[in-house]
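Here's the structure, in structure tokens; my notes come after.
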Amino acid sequence: MEPLRKPDIPQGKESGTPANEPEALRDKIRVLYVEDASFQARLVKHKLSEAGYSVDIARDGAEGLQKIREGSFDLLAIDHAMPVYQGIEIIRILSSEGKMPPTIMVTGSGNESVAVEALKLGASDYIIKDLEGHYIQLLPAVIEKALLRHKLIQEKQTMSVRLLESEEKYRTMFESIADAICVIDRDSGKILDVNSAAVKLYGYSRSDLLSMSFTSFKVESKDRRRAVASGKQQTEYHKRKDGAIFPVEIGSSPITLKDTACEIKTIRDMSERKRYETNLQRKMEEQRVLLQSIPAMVYFKKRDLTYITANKAFCEFSGISRHELVGKSDYDVYRPNEAERFRKLDTQVMVTGEPILNQEEPVTDSFGNTKWMLITKVPYRDENGNVIGMVGMASDVSEHKQMQEHIRSRDAILEAAGYTAEKFLKAYNWEEAAKEALARIGTVLQIGRAYLFENHITSGGRLYMDLRVEWCDEHLHPLSGRKDIEKVTYSDAGLTRWMEELSQGRSISSAVADLSEDEQQSALLNDVHSVSVLPIFVGNYWWGFLGFDRDGKDVLDWSDPELESLRVIANIIGSVIQRQRAQTALQRSEERLQLALNAADIGLWDWDVANGDVVHDKRWSAFLGHSQFDMGERLKTWEWLIHPEDLPLVKERLQQHISGHTSLYESEHRMLTKSGEWRWFQDRGKIVVRENNQPPTRVTGTFLDITDRKMTEQQVKLQSNALRAAANGIVITEPDGTIVWVNPAFTRLTGYEAHEVIGKNPNILKSGEQDPALYSDLWNTIKSGRVWQGELVNKRKNGELYTEEITITPVLDSKRNIMHFIAIKLDITQRKQAEQELIDAKLRAERHEKLKDAFIANISHEIRTPLNIILGHSSLIAELYKETADDNERNCFAAIESAGRRLIQTVDSIVIMSRLQAGDIEIQQSEIHISTLVDSIVHEMSLIAESKQLDLEFEDDTEDCIVHGDEYFYGQAIKHLVDNAIKFTHKGGVKVRLYQSDDTFQLAIEDSGIGIGEAYLPHLYEPYSQEDSGYSRAYEGVGLGLTLVYLYLKANAAAIDVESTKGSGTTFTITFPGKDELQTVEPNGSDELIKEFAIANLRHSFSSK
């Protein structure tokens, strides 16, 4: 297990508690969160990253073990229920391997036994999951507590190691001293014997020492003179052979050797010991100072639960000196209920021999203040392992608890702010939205009452409060309906100071008892204990205030970020009120161009500058059409969505604010929505966290969709430019007709410059050619608020007459009073001339059209009549000479029959083509059995195929193909395609196949004929075109067949495709439409070229016959 990366905790100035301890512990701390639920893992990672931790995620137990063994983490948070390895199994493995850092078990409700087992295995703490996800909000505080606990344990272990090291050094020093032993004659003092240590100690040889007296080593000193005569050990100073003097400790034991009274002198060189004792005293003093300076309270108890001693922090907290503490019990130190609680815990430790680690308990100090303490109680034992006492340690974690509450409150306020913004900006009536918003805020913040007061001024010029919106829980009486606060002035309510503070933009947050006497007597505060009030500004105008009341004993005391979030709510309310006022003002000023200023929804964002995380509310994601998970929480995502042309300026403005050059970041830029649309947004933000002149760590702001405003601005600019650049003359007059503005086109139209007509009446343009009744009708119409349109003959500055088309529109205010007239003038002098020419041309065209239609009808009749006679007589002659005619004569009769039929078919094609182009043919809808229709056509064409020795087969792969459309059109199209296939095939055959592809029916006509060239395929359906054209073409026809096929099928909403290879054959495929796809025939416009080509081809065909 690796130590924390930042073990030193800075000390407070006076209290002896760590300063900013959670932030210090949090610095660069790596956390591994093992969780198989990816959604919850992402939420936890976001929350811990926001709290300043470096977070890694493992998706299951196996991955978690791998990361723990490969990496270095300062803390583990492990979910219990996971695949592969459950959380308790991971803790058991790490505990057996001795590689477990501070660990928090995350388990569901009902698994408390798992959490207890985890604690026994060495886990630091546990947290219970809840469905609402509150445990995610609490997790940063639990981690901080675990890290602090781990830190305190490390410090305690370090102290224990130091004590053990000192004892070991002390024992080692005593065991390693080489004692010199001398046996001397008690009477003469002569040395009788020595050991090798004495030889080494004094530097003499053994023989030299045996010839010397013991007193010859002695050096008189103050220590010697102060020696206690009765003691058996004395400290003296001896001299070595080299003259070095050193202190010795001498032990003397009498002994009789060979009837000689002797002494055994044990001489110990005290030089090292003297130095050791000096160092030991210094270290013990350091340990004493360390114990006294530890900010946590440390105390020792005997088995009977009475105090032995305690450090300075404990004595200061309890108000009892160390001397007075000895022998006292908890009942002498704490309140009875607290003493009873602690005695039970101490008894548990003494009886079970198990420590109690990091338990939070409320404790009252000597001043009566209740604080939250993190308590650890550890037993200590004698050499036989029996519990003989207890060491306790308690750390003040009140600030951590308070910070945890601030975090909860801040998140609740931010959520309420987002909800408020969404409700306000979606609602048409802001008061209805305010009721919902205040109810949400009051419930989230657990307050008694929330309200909005608006300022008004009396007729006497005094400022009074008017209750607009209120939310109240069941514990407080509502303010609404109370006569004593209805439209009461600030001075009458005793709230003059409130008026002064709020009007300057300052908020008020206080217990009612701390307010002035006048304020305490205010009817507004007669049933509450504390109040917080924030001003609401509409622009620079103080509109009123937003207030919160609490009836409990706790004061509404918020941190600066929380107050800033509440100010955001107040600002949102002010912005919404300002927006609605602006909308009302815009509605009343129809004199100007109609600019639609729709106050867009406001989104909130919070940027962690250090790690690049950006947290948005739901509105921000909704603006762009993405979900929050699509958007992610990285600054890069935001940059990717900004238009490339806008991004450099946006980053420049943001950097200017970050570096302190601007007080506010503000930008208008385009962003990409999920639908691919670029929309304009106004982005505003401000630094809210900057410590000790360091770079900012947090920026909070708002996000506003201004696309409509941008479009309006562009439209206004466009309209303004359009009015000036308009080709039509434009005149704006007062209701009495006085000209106030003209555009340049007016000058070009009339010859008058703007300065020549402004201030004058438009009657300067009168020509005298108009009937006065027309002018009377004009003025009566526009004076009634209606638009007048007409034509006037006016006179230019040079006296020239001209005709203008004029539209005069009244501009009305909200009360339908006429404010201006706008006249748009168009010079139609040439148009009037052109209209007369067009009328004449139209009459001529209509006569030509009638002649053309008569020509087509006549030529059809004139050709059909003689052809039918020719064919009738030819058939009669052939029948008369059937028995006597030879083969040549029969061929002549057949040629006459064939040529006549071909000519009639050509005439029919031209007529039908003309009617189709003119849209003159009505579709006869019916239910068509395609299989039956195709079968009859194939049967009809089989004789022609047999005559060319070709195979003609029909293959039906459908059970019953039924389509809706015009049966005649379908029959003609299919028959023509089969006829063409036979016509252009000389070997092989023609195959007709009906089949179903997906949900549609298709008919394929496949032949093995001459095929179509690739270059001609794009022109295949053009009228009067053939691939082989000219008088030398090999095949007869005018080139209308496939055009008619295309038009027949198009009229039925059917499609046709072709595949062909020159020399290998062709396949035409018809795709029949569903019933819902069927469309009526629409005219394709008159095509004069088609008709002319038809007539020319008809003449060619007739003359060739």
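Residues that are within 13 Å of Ile388 (Cβ to Cβ) and in contact with a strand residue (DSSP E or B) (Cβ under 9 Å, 6 or more places away or on another chain) within region 296-321 comprise Phe300, Lys301, Lys302, Arg303, Leu305, Ile308, listed in sequence order. Criterion applied to Glu405, Glu415 was being surrounded by 15 or more Cβ atoms within 10 Å (Cβ to Cβ) and either aliphatic (A, V, I, L, M) or out of contact with any Asp or Glu (no Cβ under 6 Å at 6 or more places or on another chain) (or both), and the one residue passing it is Glu415.
The number of residues in region 114-152 that are without any contact (Cβ under 8 Å) to a residue 40 or more places away in the chain and more than 28 Å from His46 (Cβ to Cβ) comes to 5.
Has region 489-512 got at least one residue that is in contact with an Asp or Glu (Cβ under 6 Å, 6 or more places away or on another chain), in a loop (DSSP other than H, G, I, E, B) and modelled with pLDDT under 85? Within region 489-512 (the criterion being in contact with an Asp or Glu (Cβ under 6 Å, 6 or more places away or on another chain), in a loop (DSSP other than H, G, I, E, B) and modelled with pLDDT under 85), the answer is no, since none of the residues qualifies. Of the candidates His456, His475, the single residue that is in contact (Cβ under 8 Å) with a residue 60 or more places away in the chain, more than 29 Å from the chain's Cα centre (by Cα) and surrounded by fewer than 19 Cβ atoms within 10 Å (Cβ to Cβ) is His475. Residues that are at pLDDT 70 or above and either under 21 Å from Tyr1024 (Cα atoms) or surrounded by fewer than 18 Cβ atoms within 10 Å (Cβ to Cβ) (or both) within region 912-930 comprise Glu922, Ile923, Gln924, Gln925, Ser926, Glu927, His929, listed in sequence order. The numbered conditions (1) at pLDDT below 85; (2) in contact with a strand residue (DSSP E or B) (Cβ under 7 Å, 6 or more places away or on another chain) are all true for Ile536 except (1). The set of residues in region 94-113 that are within 25 Å of Gly71 (Cβ to Cβ), without any contact (Cβ under 8 Å) to a residue 60 or more places away in the chain and surrounded by 17 or more Cβ atoms within 10 Å (Cβ to Cβ) comprises Leu94, Pro102, Thr103, Ile104, Met105, Thr107.
The sole residue among Gly110, Gly122, Gly98, Gly133 that is modelled with pLDDT of 85 or more and more than 30 Å from Glu286 (Cα to Cα) is Gly122.
Yes/no matrix, rows are residues, columns are (1) in a loop (DSSP other than H, G, I, E, B); (2) within 60 Å of the chain's Cα centre (by Cα); (3) modelled with pLDDT under 85; (4) not aromatic (Phe, Trp, Tyr):
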| residue | (1), (2), (3), (4) |
| --- | --- |
| Leu164 | no, yes, yes, yes |
| Tyr204 | yes, no, no, no |
| Leu209 | no, no, no, yes |
| Asp223 | no, no, yes, yes |
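Just the residues that are outside any helix (DSSP H, G or I) and either of a type in the set (A, V, I, L, M, F, W, C) or under 59 Å from the mean Cα position of the chain (by Cα) (or both), please, taken from region 743-783.
Asn743, Glu753, Ile758, Gly759
As for region 709-726, it holds no residue that is among the small types (Gly, Ala, Ser) and surrounded by 18 or more Cβ atoms within 10 Å (Cβ to Cβ). Within region 251-281, being acidic (Asp, Glu) and farther than 28 Å from Arg186 by Cβ holds for Glu272, Glu277. Just checking, does region 429-443 include any residue being in a strand (DSSP E or B), in contact (Cβ under 8 Å) with a residue 40 or more places away in the chain and touching a helix residue (DSSP H, G or I) at 6+ places or on another chain (Cβ under 8 Å)? So far as region 429-443 goes, no, none of its residues is in a strand (DSSP E or B), in contact (Cβ under 8 Å) with a residue 40 or more places away in the chain and touching a helix residue (DSSP H, G or I) at 6+ places or on another chain (Cβ under 8 Å). Of all residues in region 327-340, those satisfying the criterion of being touching a strand residue (DSSP E or B) at 6+ places or on another chain (Cβ under 9 Å) and surrounded by 13 or more Cβ atoms within 10 Å (Cβ to Cβ) are Lys328, Ser329, Asp330, Asp332, Val333, Tyr334, Arg335, Glu338.
Residues that are in contact (Cβ under 8 Å) with a residue 60 or more places away in the chain and within 60 Å of the chain's Cα centre (by Cα), at least 2 per element: which strands (runs of 3 or more DSSP E) completely within region 920-991 meet that?
Working: elements: 925-929, 951-956, 962-966.
Passing ranges, in order: 962-966.
Kindly indicate whether Tyr775 is surrounded by 13 or more Cβ atoms within 10 Å (Cβ to Cβ), of a type in the set (Phe, Trp, Tyr) and without any contact (Cβ under 8 Å) to a residue 40 or more places away in the chain. Yes; evaluated as a whole, the condition is true for this residue.
Residue-by-condition table, conditions (1) aromatic (Phe, Trp, Tyr); (2) farther than 19 Å from Leu1047 by Cα; (3) modelled with pLDDT of 90 or more:
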| site | (1), (2), (3) |
| --- | --- |
| Ile982 | no, yes, yes |
| Gly988 | no, yes, yes |
| Val992 | no, yes, yes |
| Asp999 | no, yes, no |
| Gly1011 | no, yes, yes |
| Ala1015 | no, yes, no |
| Leu1020 | no, no, no |
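Just one of the listed residues (Ile127, Ile136, Ile143) is on the phi < 0 side of the Ramachandran plot and in contact with a Lys or Arg (Cβ under 6 Å, 6 or more places away or on another chain), namely Ile136.
The values are calculated or read from the model by the stated rules, or taken from the named source; none is laboratory data. Everything numeric in this text was worked out from a predicted model, so none of it was measured. Cβ: placed from backbone, ideal geometry, glycine included. Neighbour counts: every protein chain shown.
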